[in-house]
1. From zero up to wherever the largest Cα-Cα distance of the chain sits, split into 10 Å bins and tell me the percent of pairs in each.
2. If you average the sequence gap of Cα pairs under 8 Å that are 6 or more apart and divide by the length of the chain, what percent do you get for the contact order?
3. Using a probe of 1.4 angstrom, how much of the accessible area of the chain is carbon and sulfur, in percent?
4. What residue among Gly69, Gly46, Gly58 has the largest mean-square fluctuation in a Gaussian network model of the chain, using Cα springs under 10 Å?
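The values are calculated or read from the model by the stated rules, or taken from the named source; none is laboratory data. Here the structure is a predicted model, which is why all the values come from computation and not from measurement. Just so you know, the surface numbers come from the protein's heavy atoms only, side chains and all, with ligands and any DNA or RNA stripped out. Shrake-Rupley method; radii C 1.70, N 1.55, O 1.52, S 1.80 Å.
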Amino acid sequence: MGFINDTKANIAADAARKAREKGQSLLVYKFIEANQSSKSTAPMQGMAEQIEAVESHGWRLDQMAAAEGKTLTGERVALVCVFRAV
């Protein structure tokens, strides 16, 4: 995993840890990633590692919605994930 994905995973893990410490039972988290190959099927490795980082703090991915779009910097994909405490 690269520096940017490592940083994103660490930020997600920190948010997950803080939510657990507050006693939350539900966490909604938005992941945004560059989408260079939107027309092909491919692994989303950075996303997978960020989701694993959240789950490592006692959360389970329950639901997810995805959207693709453009910003000033190009193609992006967003995953809005609902995690439940385990």
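1. Per 10 Å bin, starting at zero, the Cα-Cα P(r) for the chain comes out as 17, 48, 28, 7, 0 percent.
2. On the way: 121 pairs, mean separation 33.9, N = 86.
Result for the chain is 39 percent.
3. The value for the chain is 55 percent carbon and sulfur by accessible area.
4. Gly69
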